[in-house]
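Following: one structure in structure tokens, then a few remarks.
The values are calculated or read from the model by the stated rules, or taken from the named source; none is laboratory data. Just so we're clear, the structure is a prediction, and the values are computed from it rather than from any experiment. Here the Cβ is made from the backbone with ideal geometry for all residues, glycine too, and neighbour counts use every protein chain on show. Surface accessibility is based on the protein's heavy atoms, side chains included, excluding ligands, DNA and RNA. Shrake-Rupley method; radii C 1.70, N 1.55, O 1.52, S 1.80 Å.
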Protein chains: 4
Amino acid sequence: MNEVELGETSGARRVRRHDPERRTRILDAALDVLVAEGAAGITHRKVAARADVPLGSVTYHFSSLAELQAQAFDWYVEQRTAEFESLFTEVEAREDLIEVLVELVQGGPSRRRSAVLGFELHLAALRDPALRALTQKWTRDSRAVLSRFTGPEIAGRLDALLEGLIMHALLATEPEPREATHAAIAQALPPLTGRDT
Amino acid sequence: MNEVELGETSGARRVRRHDPERRTRILDAALDVLVAEGAAGITHRKVAARADVPLGSVTYHFSSLAELQAQAFDWYVEQRTAEFESLFTEVEAREDLIEVLVELVQGGPSRRRSAVLGFELHLAALRDPALRALTQKWTRDSRAVLSRFTGPEIAGRLDALLEGLIMHALLATEPEPREATHAAIAQALPPLTGRDT
Amino acid sequence: MNEVELGETSGARRVRRHDPERRTRILDAALDVLVAEGAAGITHRKVAARADVPLGSVTYHFSSLAELQAQAFDWYVEQRTAEFESLFTEVEAREDLIEVLVELVQGGPSRRRSAVLGFELHLAALRDPALRALTQKWTRDSRAVLSRFTGPEIAGRLDALLEGLIMHALLATEPEPREATHAAIAQALPPLTGRDT
Amino acid sequence: MNEVELGETSGARRVRRHDPERRTRILDAALDVLVAEGAAGITHRKVAARADVPLGSVTYHFSSLAELQAQAFDWYVEQRTAEFESLFTEVEAREDLIEVLVELVQGGPSRRRSAVLGFELHLAALRDPALRALTQKWTRDSRAVLSRFTGPEIAGRLDALLEGLIMHALLATEPEPREATHAAIAQALPPLTGRDT
DNA sequence: AATGAATGAGTGTTCATTCAT
DNA sequence: TATGAATGAACACTCATTCAT
């Protein structure tokens, strides 16, 4: 809807005829660099190399490095929100919910990239008000999903708890026992309200 | 004798021949820069300017920027651990504990610097194993303090919850109501075990 | 069209948009610096200044200073080999050969640059195996040229003798008499074998 | 004679009561660095580290880096001249002389340090007139020693040849056969004149 | 006599960004 | 539309040298 092949007149992002996924490939590469080296390490050159595109291609598609970073975070949140939502499609009972959240926290290396990016975004947003709009929307969306099961108040607490648990899991040398995570989440989660019981 | 503490009128730097606190001043300056600009923004020059010492002085006292950063984080944790511990000296009943923790989360701009540095350290530690030793010791110490009131298991959950609440507080545009924070902490905190009831 | 070769009056640098010989100019400048200040004195900035290009241009064309030095030496050997070969095109008799070699040793300031660079290369090659490949090719080529007149064994000795004579000539405050050089070379050169007598 | 324990009044170098060999140890360390890294690599710090003395000790004993280098070369030539002279004490016949010189050229890694330093000095002297006085004295002395066996003219040629042979030996990946070196020297060496036949 | 602290100049290198093509 | 060449600012770091002690 907001992307047209031809005839665009506004200043909105163009779509290229050839290699239409180049933009996304660059964004993914930027996220890769972000995970690997942190916000300090992101440069046009590294992103270009990782995306396997010429240097000029990066500066062509993104008017500045800050813009590239911002759009990469946009893209990240977009993906992560969808993924987060999809986790709950089959949740029916309280125990299902707990199980999903435990998996979210414990989810091994596969979840690491995602988690690291989340914290990078949070920290970047501390200093960049433009990004703060994004984190707020993200938080709101996450809580909304949880709220469907818990009500808004519990959702907020749960969200904070998950954040802390994930950070600790990332930093721990040896993984927390699954039962401990389970107990922590269960304690925060009274009998479900919401669409089901 | 040839150096006067007071009466400096110009902004120009004085010759400081004997300056035994220079190291610490540089470390504090590094933390200031870290708060203001993040790990990405720390440079010898900015630190030197903030500490009001010549550039060469920073490289003289710290053999590399990584080393400076590491020692700054050490210094931060040392201070913060002491401060954290002192918060609990007068805690006697469950409600005291809750109150202290709510204050920790809500504590306004005065606590901002401290909190931001904590998250910067966490993020840096994700990539630097040397820093991970520091975060682990820090986490261990924090939990030990909490454990005196709650037992180890609850302490762990509580610590995670606090981490998440603080991050959300930092990012929120308008502060969470104090009651919400209170309720979240209270929920995580069963009747006290430990040295008192 | 918008750039004029002549008529530059100020020392200021012009914008040079299309400058296909820039690489070579940088290499020549590097050799100039090498002659003037030795391997110890070569820096990006000096080379840039001598080549009349911006600093960034040097680092753009050569990925490191070592690479610049290596390519400069390559370029030097390429030129010098050709020059060396051309010296012998008209040599027919033994006396012609001697005369050419005497000139090689005695050849005044015009030859100084070339000779100094040769020794710089030798010394650099002592520590850098990559350069050693270059000196070996160079030595092989030089000897091959001499061999056409003398056979390989004599060529080797002659080559060593010339090297020593040139070094001494460079270091002497007053030039060796031409006859002494002549005699030294003549002694090392038995009746010619090779393509002529 | 030129070094007194006490009561020095002139500006000449002092002798320290403690650690009287520190000066020489520093000079040897400087030569080590020179061999290892070339003239480009010599710094106060590296020399101090190699000599295992404090940084201040180097600047205390030598008023500048150039002075340190110059005195290191002095010290080198002094040692090498003595060593060179001693090589010939037992030379009686032409074949002895040849044998000594072949050994000089072929002498393996043990001679490498010495040879490298010789070329470093030559190259440095190309640009520093003060050092040129030293190289000239050195050359004169070497030739004088050879002259005792060969007469001055032959000594000069021989000296040049040796220089070239040594350089080639240093740069060659596989050593020249001993016979080739022998033949080269023998050819340059007519029946001996001098103190013996 | 001896040395560690200190500093400003200078190094190689990386980089965001601009621009001609 | 797309890109390689280009450049000036900034970076981390090294260093010779000075100086108080």
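Counting protein heavy atoms only and a 1.4 angstrom probe, how many square angstrom of accessible surface do chains B and A bury in total, to the nearest 100?
On the way: alone 11620 and 11490 Å², together 19920 Å².
Using a 1.4 Å probe, the pair buries roughly 3200 Å².
Can you pull the percent of the protein assembly as shown's accessible area that's carbon plus sulfur, 1.4 Å probe, other chains left in place? The partial results should precede the final answer.
Numbers: 21600 of 39820 Å².
Ligands and nucleic acids excluded, carbon and sulfur give 54 percent.
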What does the convex hull of the Cα atoms of the protein assembly as shown come to per residue, in Å³, rounded to a whole number? 301
Please give the helix D:129-150 orientation as an angle from the longest Cα principal axis of chain D, in degrees from 0 to 90, rounded to the nearest 10. 30
Using only the C-alpha atoms of the range B:65-188, find the volume of their convex hull and express it per residue in Å³. 104
If one compares the long axis through the Cα atoms of helix D:152-171 with the longest principal axis of the Cα atoms of chain D, the angle in degrees, nearest 10, works out at 70
Shortest-first distances to equivalent copies, position D:THR173, nm, label 7 Å out along Cβ: 4.4, 4.7, 7.0
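Sort C:106-114, C:128-136 for me by packing, meaning the mean count of neighbouring Cβ atoms within 10 Å per residue, highest on top. Write out the running numbers ahead of the final one.
Details: C:106-114: 13.1, C:128-136: 16.1.
Answer by packing, highest mean first, reads C:128-136, C:106-114.
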Note the distances from B:LEU55 to each other copy's matching label point, with points 7 Å along the Cα-to-beta-carbon direction, in nm, sorted shortest first. 0.9, 1.7, 2.3
With label points set 7 Å from each Cα along the Cα-to-Cβ direction at A:ASP141 and D:GLU85, the distance between them in nm comes to 8.9
Sorting from shortest, the nanometre distances separating the label point of C:GLN79 (7 Å past Cα along the line to Cβ) from those of the same residue in the other copies are 3.9, 5.3, 5.9
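Mind jotting down a quarter of the surface of the convex hull over the alpha carbons of the range B:27-106, in square nanometres, one decimal?
Values: hull surface 25.0 nm².
It is 6.2 nm².
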Angle between chain B longest axis and helix B:65-87 axis [Cα atoms, degrees, rounded to 10]: 40
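So what is the 222 nm mean residue ellipticity for the protein assembly as shown from helices alone, if each DSSP H run of at least 4 adds -39500 (n - 2.57) and you divide by all residues, rounding to the nearest 500 deg cm²/dmol?
On the way: 36 runs with 556 residues, N = 788.
Result for the protein assembly as shown: -23000 deg cm²/dmol, rounded to the nearest 500.
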Lys, Arg +1 and Asp, Glu -1 on Cβ, resulting dipole of the protein assembly as shown about Cα centre, debye, nearest 20: 1140
At D:ALA49 and C:ARG45, where each label point lies 7 Å from the Cα along Cα→Cβ, what is the point-to-point distance in nanometres? 2.4
Give the accessible surface of the range B:10-144 per residue, rounded to a whole number of Å², with probe radius 1.4 Å and ligands, DNA and RNA excluded. 49
